[in-house]
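Comments concern the structure below.
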Amino acid sequence: MEFRATTESRPRKAGFMSKRLISVLIFAFIVSAGATVLVYRLVASRVTAEAKQPTVQIVLAAKNLPVGAMLSEGDLKLGAWAGALPAGAVTKKEDAIGRGVVAAIYEGEPLVESRLAPKGGGAGLAATIPPGMRAVAVRVNEVVGVAGFVSPGQRVDVLVTGVPPGESRNTGSFTKTVLQNIEVLSAGQNIQRDAEGKPIQAQVVNLLVTPEQAEVLSLISNEMRIQLVLRNPLDTKEVTTTGVAQASVFTGATIAPPEPPKPAPARPRPASPPPVVRQTQPVVIPITVEVIQGTKRTSAKFEERAATDSEESK
């Protein structure tokens, strides 16, 4: 009897497990179907919304456009743009033809005003100079040019070495950092930035400076020796340095930088002299009075003192 009970309970348990598995599968199928329908509706609504958005024709780059290039008809194409337009987007080809490129534009990218030179600004190096700035050419060699690693887009500091005016030559030359965080516009005739940082051998580099800095560069490049120091483009902090003298390198003593000549003190104006008072002697004027009485004539003499200038002023 026990054997029969055991054999009968096994089919019942197996049937219960199979029903439970089927119900789980059915529930999972229903959940997955519901999720599929929900995702489909979300995607379809988004596609429909994008399709309903109005499109605008804007000017796109037909090919990669390097810095300094002059735009022509073949460099541009019209394309549909949905949604908000980029700031300063160009919508007409005639507004871009004949203008220079001041920042690299890649194929299919919209043309914006910030990457184009103003109308009439031309192309090449001149188009990359912002208003109010100047490009100054500096002659370099392999040492000054940091072995060719001073390339367009890099940032450098400018060091000057020489004997300050009015200083004794016993201390030797003096080196001072005069300009910091200066952008390199071009190395030779190359104005393209190299993303790989390959060295470029050039005899002249053009630096982007202010008019005041241009005067400093012009003076030191003709009268003194300069050295370019490469710096990290992300490091824009300027550091105040005191400079170093040749004598301090060997002796270890700290030599103060030369002070600018002080202006000569103004000479005091001489005090105005006191007014001169003329002292004059009193003038005595003799006066003779003649008195006639009948036939008798008599005369009398008197003296009158004239007033001086000082007495008259009083």
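The values are calculated or read from the model by the stated rules, or taken from the named source; none is laboratory data. Every value quoted in this text rests on a predicted model; they were computed, and no experiment measured them. Backbone-built Cβ (ideal geometry, glycine too); neighbour counts: all protein chains shown. To get the accessible areas, we keep the full protein, side chains included, count just its heavy atoms, and leave off ligands, DNA and RNA. Shrake-Rupley method; radii C 1.70, N 1.55, O 1.52, S 1.80 Å.
Here is how the numbers come out for the structure above:
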quantity	calculated
Flag if Val249 is of a type in the set (Val, Ile, Thr), modelled with pLDDT of 80 or more and over 30 Å from Ala104 (Cβ atoms)	no
Residue in the range 128-141 that is more than 23 Å from the chain's Cα centre (by Cα) and at pLDDT below 80 present	yes
Conditions (1) closer than 29 Å to Ile200 by Cα; (2) open to solvent by 80 Å² or more (accessible area, probe 1.4 Å); number of the one not met by Gly120	(1)
Leading residue by the ranking (nearest to Ala147 (Cα to Cα)) among those in the range 207-231 that are at pLDDT 85 or above and open to solvent by 90 Å² or more (accessible area, probe 1.4 Å)	Arg225
Total residues in the range 206-230, condition β-branched (Val, Ile, Thr) and closer than 14 Å to Asn181 by Cβ	3
Yes/no for Ala264 being at pLDDT below 70, surrounded by fewer than 10 Cβ atoms within 10 Å (Cβ to Cβ) and not charged (D, E, K, R)	yes
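So that you can scan it fast, the table gives a plain yes or no per residue for (1) at pLDDT below 90; (2) surrounded by 14 or more Cβ atoms within 10 Å (Cβ to Cβ):
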residue	(1), (2)
Leu76	no, yes
Trp81	yes, yes
Ala84	yes, no
Ala87	yes, no
Val90	no, yes
Ile97	no, yes
Val102	yes, yes
Glu107	no, no
Val112	no, yes
